[in-house]
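Asks: My structure is below; once you've seen it, I'll send some questions.
Derivation of every value follows stated rules applied to the coordinates shown; laboratory data play no part. Owing to the predicted nature of the structure, the values given are computational and were not obtained by experimental measurement. So basically every Cβ, Gly included, is an ideal-geometry build from the backbone, and we count neighbours across all protein chains shown.
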Amino acid sequence: MNIDSIKNGIVIDHIASGNSMEIYELLKLEELDCSVAIIKNAQSRKMGKKDIIKIDADVDINFDVLGYIDPNITVNIIKDGVLVEKRHLSLPKELVNVIVCKNPRCITSVEQGIKHIFKLSETENGVYRCAYCETKAKNQ
Amino acid sequence: MRNLIDILDLSVSEIEELTQIAEDIIKNPEKYQEKCRYKKLATLFFEPSTRTRLSFEAAMMELGGNVIGFSEANSSSAAKGESVSDTVKTVGCYADIIAMRHPKEGAPLAASFKAEVPIINAGDGGHNHPTQTLADLLTIKMEKGGFDNLTIGLCGDLKFGRTVHSLINAMSRYKNIRFVLISPEELSLPDYIKKGVIEKNNIPYTETRDLEEAVKDLDILYMTRVQRERFFNEADYIRLKDSYILTLEKLANAKKDLCVMHPLPRVNEISPEVDEDSRACYFKQVKYGKYMRMALILKFLEVEI
């Protein structure tokens, strides 16, 4: 299966197989009006299977979101058909308005307009905690 | 502008500074009686409290200042659905400093992002209660002479007991500390404190269900109440509420200079007969709390001493 290469845009590569839809949603890619290709289960020598997202426009990407989901992802920036930057990600120290706290006792469950902030509390295990109530992020 | 949301917002040297001011207030109260003249403290209590609110109010009055505020959410605009942020922005137009208690965890932090005056967390749900910890620390300093070389037993509800969490955080910064965690399994200390604070700081600790056995090694015994308001299920509360009751008999093997503390209010976890024992320090703790709140108000209002 072939997807045309892009001239100006972003390729999000080495996504763990099955995670591309979550990234699509968290990066709000449905709001873009350019071409976006999601390639699932592409062959990878390193990973066996991987997902890839190709965005056919030079858009701002929230690298914190990507780093949070999977720090092994690589982001390739393409300009005039040439790879100009290959960015390796790391776990961000802080996440703002990326995930929400599931603790019903947390102020974020009731306060309107509040920023949802999570902080990296254990780097080695990638554990994030809510800045308000210290509850561990649920999807970990 | 400073806020106190978590006890760790204060450095070890700032805690030392506050205990020194508090000790000076105890020795020379007249020196402080006009220090906050024309200043106003707002006590915003979205959840009922006797001790903490009155302690803050008494502290401000003893400094010559005034107090405004409310003692339950129903008598504030919160009942009309006002956000915490809007409430503190409004109150900041009237008061110089705000002490706030709220049933939701993290509410004072949310308030501090918007307020234009210092915010003091006076308890946020089961999360933190830093000024109780300041009271606890002054008690330890006055009764034990310092913060190093102590074996501290924490007994009762270690899961929801916010004062326990804050005290562990605070004491983990001192030398040669050992914790003994005494609780039923269902109310044991959350992992994020056990691993994230105690183990992370390489502090030795033991966990036990047996208060009588544990008490003999302790320098401090910190008793807590099983808090009804933290349970979603009444049956669980009833089953666990009488887990540990301290009596004179249970203190028989304890050290003569043990310091028995309790953040109060107690229900029945310390038998009244213990009140007469010289090791009972929990009512002194209340008094020390007021002095530490006075010291904190002075520091945050940047009053020259």
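Asks: Can you give me the long-range amide H partners of B:Leu246? Hydrogens built in the peptide plane at 1.01 Å from N, cutoff under 5 Å, separation of 5 or more residues or another chain.
Replies: Answer set, sorted by chain and number: B:Ile270, B:Ser271.
Asks: How far is it, in nm, from the label point at A:Ser17 to the one at B:Gln20 when both lie 7 Å from their Cα along the line to the Cβ?
Replies: 6.5
Asks: Rounded to the nearest Å, what's the spacing between the alpha carbon centres of the stretch A:36-82 and the stretch A:109-140? Just the number, please.
Replies: The distance from the Cα centre of the stretch A:36-82 to that of the stretch A:109-140 comes to 25 Å.
Asks: Mind checking which aspartates and glutamates have their C-alpha under 16 Å from B:Lys194, skipping anything on the same chain fewer than 8 residues away?
Replies: Cross-link targets: A:Glu122, A:Glu134, B:Asp157, B:Glu185, B:Glu186, B:Glu207.
Asks: For the pairs B:Lys175/B:Lys255; B:Lys195/B:Lys250; A:Lys79/A:Lys138; B:Lys31/B:Lys175; A:Lys136/B:Lys104; A:Lys102/B:Lys290, flag any whose C-alpha to C-alpha distance is greater than 28 Å.
Replies: Beyond 28 Å between Cα atoms: B:Lys195/B:Lys250; A:Lys79/A:Lys138; B:Lys31/B:Lys175; A:Lys102/B:Lys290.
Asks: Percent relative contact order of chain B, based on C-alpha pairs within less than 8 angstrom and at least six residues apart?
Replies: Numbers: 585 pairs, mean separation 60.1, N = 305.
Relative contact order comes out at 20 percent.
Asks: Let me ask something else. Please give, to one decimal in nm, the separation of the simple spin-label points placed at A:Leu26 and B:Glu30, each 7 Å out from Cα toward the Cβ.
Replies: Label at A:Leu26, label at B:Glu30, 6.5 nm between them.
Asks: Find the Cα radius of gyration of the protein assembly as shown, compare it with 2.2 N^0.38 Å by division, and give the number to two decimals.
Replies: Details: Rg = 26.1 Å, N = 445, 2.2 N^0.38 = 22.3 Å.
Compactness ratio reported: 1.17.
Asks: So which aspartates and glutamates can A:Lys49 reach, going by Cα to Cα under 16 Å and dropping same-chain residues fewer than 8 places off?
Replies: Once the sequence-local aspartates and glutamates are set aside, what remains near A:Lys49 is A:Asp13, A:Asp70.
Asks: Rounded if a/c is under 1.5, else prolate if a/b beats b/c, else oblate: with a ≥ b ≥ c from the C-alpha gyration tensor eigenvalues square-rooted, which is the stretch A:42-92?
Replies: oblate
Asks: Turning to a different aspect of this structure: How large is ³J(HN,Hα), in whole Hz, for each residue of the stretch B:21-36 in order, when computed from phi with the Karplus curve 6.51 cos²θ - 1.76 cosθ + 1.60 and θ = phi - 60°, using x for Gly and Pro?
Replies: 5, 4, 5, 5, 4, 4, 6, 10, x, 5, 5, 10, 6, 10, 5, 10
Asks: Take the alpha-carbon centre of the stretch B:118-190, take the same for the stretch A:6-32, and report the distance between them in whole Å.
Replies: Distance between centres, Cα-based: 46 Å.
Asks: No other cysteine beta carbon under 4.7 Å away is the test; run it over chain A and list who passes.
Replies: A:Cys34 - these cysteines have no disulfide-compatible partner (Cβ-Cβ under 4.7 Å) in chain A.
Asks: Contact order normalised by length for the stretch B:33-128, with contacts defined as Cα pairs under 8 Å and 6 or more residues apart; what percent is it?
Replies: Over the stretch B:33-128, the number comes to 30 percent.
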